[in-house]
Amino acid sequence: MSPTPVTTNLPTEPATYSWEATDEEVAARYGVPIERILRFDLNTSPTPPEIAGRILAGGAFDAPLSEYPPSDYRRLVETAARVYGVGVDELLVGAGADEILDLIGKAFLPPGGVAVIPAPTYAMYRVVTEQRGARSMLVPRLGPESGWALDDAAVRAAAATADVVWLCSPNNPTALAEPEGAIARVLAGVAEDAGAAGRAPATVVLDEAYAEFVDRSLVELRLDHSNLVVIRTASKAYGLAGLRVGFAIARPETIARIAPYRPPGSVSTVSVTVVTEALADPAGMRANVARVDAERDRLAEALRAAGWNVGPSVTNFLLVDLGTRERAATVATQLLRRGLVPRTFPSGHPLAHALRLTIRDRVGNDRLIAAARELGR
Ligand SMILES: Cc1ncc(COP(=O)(O)O)c(C=O)c1O
């Protein structure tokens, strides 16, 4: 007799992140000089803080570049812990927030496990979940009329059987923070339900990649919830995406569960040195946040005046609803012809009819405004 057939429901392709075309691809495809290409798709900053150039020119780093980075990233950990107001044993360094997401997946998502994802949100939560052989449970967010807020009752209910809940506030790509109290309510509900069921609560991840733009963090909630992991990054407000530095913040016992998965030296010595100094002297970050504050309303108003439906934003990007997927695709192509690269969403995505656009500097934003005026509604 043949052995009992086993059906495994593994996808043939791993879930993957998808990027927009590179500068070189856009230049070649649309005949735009490469120096005219401006990226509106990555939620980064037009320039790094001035301190980065100074340190690189000085050539003095935390360790000789012939050696590996300090194994405990000590100075960076101490500085980041001070800046975020947590203990050194409550923080773990990774190669960008993205590596932190991956480490969290390894620590808390067993193959066959379940992760709750209020959708739409940052694409990597689903990628990490499914690459672990776990299942994504997508819980639709309330609509744009409700600020794309998470449905906290539905998230709580889904979390009752989940291993991980991926939260993001302010949320990418919807550009708004969760309503006051919503995340605390989810955490309290998850704890209560787990207590009643006699099981460990799901790990609740709160990605605060854009926290500096609202000058608000919920990191203090870790004190009551050891299942909370908050994520921060040097990529957004600090303007240092190319250095790849991110942080997990949680109670020491939770950090201790993530730490075994940390690879040796994934963050370069150059990155460690520059981000340590940028955190210690946040003038560059503040100037960047001030630039975004100054440009956000101007850009949004000008795009609205051109007939585009621009949603509210508290972040360094805008979400533009173009009504239909076809219109979004047409506008994206027209922008690319002008060397402006928007973030698009694939068909089937709840935002397939929209584009996400990074707020750049005045000159860059003016190119986008001029394009919107030409394209109209
Ligand atoms: C919500 C969110 N989390 C994490 C990341 C990745 O950040 P990092 O550059 O630190 O890996 C991004 C990048 O766009 C993001 O939007």
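Brief remarks follow.
- Taken over the range 128-153, the residue count meeting the criterion of being within 16 Å of the ligand (Cβ to nearest atom), part of a helix (DSSP H, G or I) and open to solvent by 10 Å² or more (accessible area, probe 1.4 Å) is 1.
- Enumeration of residues in the range 355-376 that are hydrophobic (A, V, I, L, M, F, W, C) and either in a helix (DSSP H, G or I) or over 18 Å from the mean Cα position of the chain (by Cα) (or both): 363, 368, 369, 370, 371, 372, 375
- Residues in the range 21-63 that are part of a loop (DSSP other than H, G, I, E, B) and over 26 Å from the mean Cα position of the chain (by Cα): 31, 32, 33, 59, 60, 61, 62, 63.
- Subset of the range 298-327 [charged (D, E, K, R) and more than 22 Å from the chain's Cα centre (by Cα)]: 298, 301, 304, 325, 326, 327
- For the range 215-235, a residue qualifies if it is within 13 Å of the ligand (Cβ to nearest atom) and among the charged types (D, E, K, R), and exactly one does: 232.
- Condition check for residue 330: of a type in the set (Val, Ile, Thr), open to solvent by less than 50 Å² (accessible area, probe 1.4 Å) and outside any loop (DSSP other than H, G, I, E, B): no
- Within the range 192-238, being charged (D, E, K, R) and surrounded by 15 or more Cβ atoms within 10 Å (Cβ to Cβ) holds for 193, 207, 208, 212, 222, 232, 236.
- Matching residues in the range 69-98 - criterion: being among the β-branched types (Val, Ile, Thr), out of contact with any Phe, Trp or Tyr (no Cβ under 7 Å at 6 or more places or on another chain) and touching a residue at least 12 places away in the same chain (Cβ under 8 Å): 77, 79, 83, 86
- Given (1) assigned to a loop (DSSP other than H, G, I, E, B); (2) open to solvent by 10 Å² or more (accessible area, probe 1.4 Å), index of the condition residue 174 fails: (2)
- Residue list for the range 73-118, filter: within 16 Å of the ligand (Cβ to nearest atom) and part of a loop (DSSP other than H, G, I, E, B): 73, 95
- The residues of the range 263-284 that are crowded, with 19+ Cβ neighbours inside 10 Å and within 25 Å of residue 223 (Cβ to Cβ) amount to a single one, 279.
- Output for the range 35-68, where each listed residue is of a type in the set (Gly, Ala, Ser) and either away from the ligand (no atom under 16 Å from the Cβ) or without any contact (Cβ under 8 Å) to a residue 60 or more places away in the chain (or both): 53, 57, 58, 59, 60, 63, 66
- Considering the range 27-54, the residues that are out of contact with any Lys or Arg (no Cβ under 9 Å at 6 or more places or on another chain) and under 28 Å from residue 122 (Cβ atoms) include one that is most open to solvent (accessible area, probe 1.4 Å), namely 29.
- Residues that are more than 19 Å from residue 189 (Cα to Cα) and in contact with a strand residue (DSSP E or B) (Cβ under 9 Å, 6 or more places away or on another chain), drawn from the range 125-154: 125, 126, 128, 129, 130, 132, 134, 135, 136, 144, 148
The values are calculated or read from the model by the stated rules, or taken from the named source; none is laboratory data. If you're wondering where the values come from, they're calculated on a predicted model, not measured in any experiment. Positions of Cβ are backbone-derived with ideal geometry, glycine not excepted, and every protein chain shown enters the neighbour counts. Just so you know, the surface numbers come from the protein's heavy atoms only, side chains and all, with ligands and any DNA or RNA stripped out. Shrake-Rupley method; radii C 1.70, N 1.55, O 1.52, S 1.80 Å.
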